Amino acid sequence: MEDLNAMLEPGQMVRHPTETEWGLGQVQSNINGKITVMFQHAGKIVIDSRRVALLPVF
């Protein structure tokens, strides 16, 4: 999981694989396996990349 999340950069759009009600999210930062994402319906969430593989939206 960590390898896929390591490619995420600020500004990139993502979705959480299990929390679909959070909506679309924009990566704010990706530092040392902690990814901060601003989700449409959940606000700012810090994701542990060792536990969750975010889904990039193109």
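Readers should treat all values here as calculations from the given coordinates under stated rules, not as data from a laboratory. In this text, all values refer to a predicted model and were calculated from it rather than measured experimentally. Here Cβ is always computed from backbone atoms with ideal geometry, including for glycine, and neighbour counts include all displayed protein chains.
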Can you show me the helix-derived [θ] at 222 nm for the chain, built from DSSP H runs with n ≥ 4 at -39,500 (n - 2.57) apiece and divided by the number of residues, rounded to the nearest 500.
-1500 deg cm²/dmol
Please compute the modelled spin-label separation between Q40 and E21, points set 7 Å along Cα→Cβ, answer in nm with one decimal.
1.6 nm
What does the charge dipole of the chain about its Cα centre add up to, to the nearest 20 debye, if the Cβ of each Lys and Arg holds +1 and the Cβ of each Asp and Glu holds -1?
100 debye
Pick out, from N5, M38, T18, the residue whose Cα sits farthest towards the positive end of the charge dipole of region 2-56, with +1 on the Cβ of Lys and Arg and -1 on the Cβ of Asp and Glu.
M38
The chain: C-alpha pair distances exceeding 20 Å, %:
8 percent
When only Cα pairs under 8 Å and 6 or more residues apart are kept, what is the percent relative contact order across region 2-56?
36 percent
